[in-house]
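Below is one structure, written out as structure tokens, with a few remarks after it.
The numbers here are math on the coordinates, done by the rules we state, and not lab data. Here the structure is a predicted model, which is why all the values come from computation and not from measurement. All Cβ positions, glycine included, derive from the backbone under ideal geometry; neighbour counts span all protein chains shown.
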């Protein structure tokens, strides 16, 4: 939990409080308890939600998927050079969805805006960072990436 106030971006949009219009939030995660998991003592297995708490009025924004803060401090010139924060968050999404260890996932850039490759033991995935949560699909399901990979 970070009580540091800062501006956050989700899906390329800066968060803004719907109550007071403030743009600085602090971040926390919340465990989404279910009755069954609590009853059998498996609270730890419940899903987490990301919360952004307005620094002015305290209103809480909830997101079920881990957010991607896509504001990169610098533009990368080499497509294989992926910003460390973006790389870590993509690895977390892929690891969660495919139940993989983070060390089993290698993230590389592409020449296409907001598209990345993840090499996994099961194959190559394309991750597109365009919405509230990344779109993850097999490399051969993305025509643009498929043509680029076959060209090289």
Semi-axis lengths, Å, the stretch 84-151, gyration tensor of Cα atoms, sqrt of 5 times eigenvalues:
18, 13, 11
What's the extension gain from residue 96 to residue 146 if we count 0.36 nm per residue and subtract their Cα-Cα distance?
15.6 nm
Assuming R0 = 25 Å, what is the FRET efficiency of residue 104 and residue 29, from their Cβ-Cβ distance, to the nearest 0.05?
0.60
Would you mind ranking 148, 62 by Cβ crowding within 10 Å, fewest neighbours first?
62, 148
What percent does the relative contact order of the stretch 84-151 come to when contacts are Cα pairs within less than 8 Å and at least six residues apart?
19
Computed lengthening from residue 113 to residue 83, 0.36 nm per intervening residue step minus Cα-Cα distance:
9.5 nm
Please list 134-143, 87-96 highest first by mean number of surrounding beta-carbon atoms within 10 Å per residue.
87-96, 134-143
